[in-house]
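Everything on this sheet refers to the single structure shown next.
The values are calculated or read from the model by the stated rules, or taken from the named source; none is laboratory data. Quick caveat, the model's predicted, so the values are computed rather than measured. Don't worry about glycine lacking a Cβ; one is built from the backbone with ideal geometry, like all the others, and counts go over all protein chains shown.
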Amino acid sequence: MVRDEATPVAVQAPAPALLQVDGVSLEYVAQDRIVRATHRVSFEVQRGDRFVLLGPSGCGKSSLLKAIGGFIAPTEGEIRLAGAAVREPGPDRIAVFQEFDQLPPWKTVLANVMFPLQAARRLPRAEASEQAMQALVRVGLADFAKAYPHTLSGGMKQRVAIARALAMQPTVLLMDEPFAALDALTRRRMQEELLTLWADAPFTLIFVTHSIEEALVVGNRILLLSPHPGRVRAELDAQRFGLHSAGSADFQAQARRIHRLLFEEDRPA
């Protein structure tokens, strides 16, 4: 078939962003004064992104994650998920934190993963158990379904927390420095397992870290936030990096560039 060159060709519009953070400032009260955590931060997250918020302590990374989760409200700006303004928490946004005590110790591993499914009244008990077990299979912990949290290592507890989040099948998975408290080898293994889970069934991930190397390993897009209060310094495409490239010359050069963008611009001339 020959197309007439004069015939207009339809151009498909890009898919709208799943998450839009539009000019968001966040504030909190500390010692009778108001502290601004972020200042007019804007970014968009596409469906299936592994989007990393990277910056030094106090730049508002965790505050942004809480705002996306609906736990704190912006003082200005707006957050929209699938076009709807975020006003409160919901099962479409599930968070995993770094604390190991996020699992009720009196519940078995399976009961811990089932709990949010039952609390949200999404499924009857039998179906919730089946879905929870499928999530445990995904993170390699099916054999520990009847175990209690105190018998697990730190890395295994985090895998249970990830399974609990994945079982809810959230629109967005929020992870706040989930591997920061782990030793270096376990942290590396958890990064690998997270990426394997994503590769098997891609989900939308927003991941907070203060580690430049972890950001390059985990993320396909990285938002750099300035020191307090957090402002957008840059957004980088990190698609070509990962565990396979860690330690390479290109990886180390990008890490040095990110460090300069985060810190050296603040030095006096």
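Could you tell me which numbered condition Gly155 fails, if it satisfies all but one of (1) at pLDDT 95 or above; (2) within 30 Å of Glu127 (Cβ to Cβ)?
That leaves (1) as the condition not met.
Within the bounds of the stretch 80-89, is there any residue that is touching a helix residue (DSSP H, G or I) at 6+ places or on another chain (Cβ under 9 Å), farther than 30 Å from Ala37 by Cα, in contact (Cβ under 8 Å) with a residue 12 or more places away in the chain and surrounded by 14 or more Cβ atoms within 10 Å (Cβ to Cβ)? If you could, list the steps in order and put the result at the bottom.
Taking the stretch 80-89 first, the residues touching a helix residue (DSSP H, G or I) at 6+ places or on another chain (Cβ under 9 Å) are 81, 86, 89.
So of that shortlist, the ones also farther than 30 Å from Ala37 by Cα come out as none.
Checked against the condition, which is being touching a helix residue (DSSP H, G or I) at 6+ places or on another chain (Cβ under 9 Å), farther than 30 Å from Ala37 by Cα, in contact (Cβ under 8 Å) with a residue 12 or more places away in the chain and surrounded by 14 or more Cβ atoms within 10 Å (Cβ to Cβ), the stretch 80-89 yields no hits at all.
Select from the stretch 210-237 the residues that are small (Gly, Ala, Ser) and buried (at least 21 other Cβ atoms within 10 Å of the Cβ) and write down the one among them that is nearest to Ser42 (Cα to Cα).
Step one: of the stretch 210-237, the residues small (Gly, Ala, Ser) are 211, 215, 219, 226, 230, 234.
Then drop every residue that is not buried (at least 21 other Cβ atoms within 10 Å of the Cβ), which leaves 215, 219, 226, 230.
Numbers: Ala215: 19, Gly219: 18, Ser226: 13, Gly230: 11 Å.
My answer is Gly230.
For the stretch 94-107, how many residues are out of contact with any strand residue (DSSP E or B) (no Cβ under 9 Å at 6 or more places or on another chain) and surrounded by 16 or more Cβ atoms within 10 Å (Cβ to Cβ)? Walk me through how you get there before you give the answer.
Restricting attention to the stretch 94-107, the residues satisfying the condition of being out of contact with any strand residue (DSSP E or B) (no Cβ under 9 Å at 6 or more places or on another chain) are 99-101, 103-107.
This time we only want the ones that are surrounded by 16 or more Cβ atoms within 10 Å (Cβ to Cβ), so: 100, 103.
Of the residues in the stretch 94-107, 2 are out of contact with any strand residue (DSSP E or B) (no Cβ under 9 Å at 6 or more places or on another chain) and surrounded by 16 or more Cβ atoms within 10 Å (Cβ to Cβ).
Residues are listed down the side, and each one gets a yes or a no for (1) within 16 Å of the chain's Cα centre (by Cα); (2) over 16 Å from Pro178 (Cα atoms); (3) in a loop (DSSP other than H, G, I, E, B):
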position	(1), (2), (3)
Val29	no, yes, no
Val35	no, yes, no
Thr38	no, yes, no
Ser42	no, yes, no
Arg47	yes, yes, yes
Leu53	yes, no, no
Ser57	no, no, yes
Lys66	yes, no, no
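Report those helices (runs of 4 or more DSSP H) wholly inside the stretch 148-228 carrying at least 1 residues which are among the charged types (D, E, K, R), more than 29 Å from Gly83 (Cα to Cα) and in the same structural domain as Val41 (by TED's automatic domain parsing). Explain how you work it out, then say what you get.
Details: elements: 154-167, 184-200, 212-218.
Once the helices (runs of 4 or more DSSP H) in the stretch 148-228 are filtered for at least 1 residues that are among the charged types (D, E, K, R), more than 29 Å from Gly83 (Cα to Cα) and in the same structural domain as Val41 (by TED's automatic domain parsing), what remains is 184-200, 212-218.
Hey, among the residues in the stretch 183-200 that are under 24 Å from Ala111 (Cβ atoms) and among the aliphatic types (A, V, I, L, M), which one's surrounded by the most Cβ atoms within 10 Å (Cβ to Cβ)?
Narrowing the stretch 183-200 to residues under 24 Å from Ala111 (Cβ atoms): 190, 193-194, 197.
So of that shortlist, the ones also among the aliphatic types (A, V, I, L, M) come out as 190, 194, 197.
Details: Met190: 18, Leu194: 24, Leu197: 21.
Among those residues, the one meeting the criterion is Leu194.
So which of Pro91, Pro56 is of a type outside the set (Ser, Thr, Tyr) and out of contact with any strand residue (DSSP E or B) (no Cβ under 9 Å at 6 or more places or on another chain)?
Numbers: Pro56 fails: out of contact with any strand residue (DSSP E or B) (no Cβ under 9 Å at 6 or more places or on another chain).
The match here is Pro91.
Mind listing whichever residues of the stretch 129-153 are closer than 25 Å to Phe51 by Cβ and either among the basic types (Lys, Arg) or out of contact with any Lys or Arg (no Cβ under 9 Å at 6 or more places or on another chain) (or both)?
If the condition is that a residue be closer than 25 Å to Phe51 by Cβ and either among the basic types (Lys, Arg) or out of contact with any Lys or Arg (no Cβ under 9 Å at 6 or more places or on another chain) (or both), then Arg138 is the only one that fits.
Among the residues of the stretch 105-147, write down those that are in a helix (DSSP H, G or I) and β-branched (Val, Ile, Thr).
Within the stretch 105-147, the subset in a helix (DSSP H, G or I) is 109-119, 125-138, 142-144.
Val109, Val113, Val137, listed by residue number.
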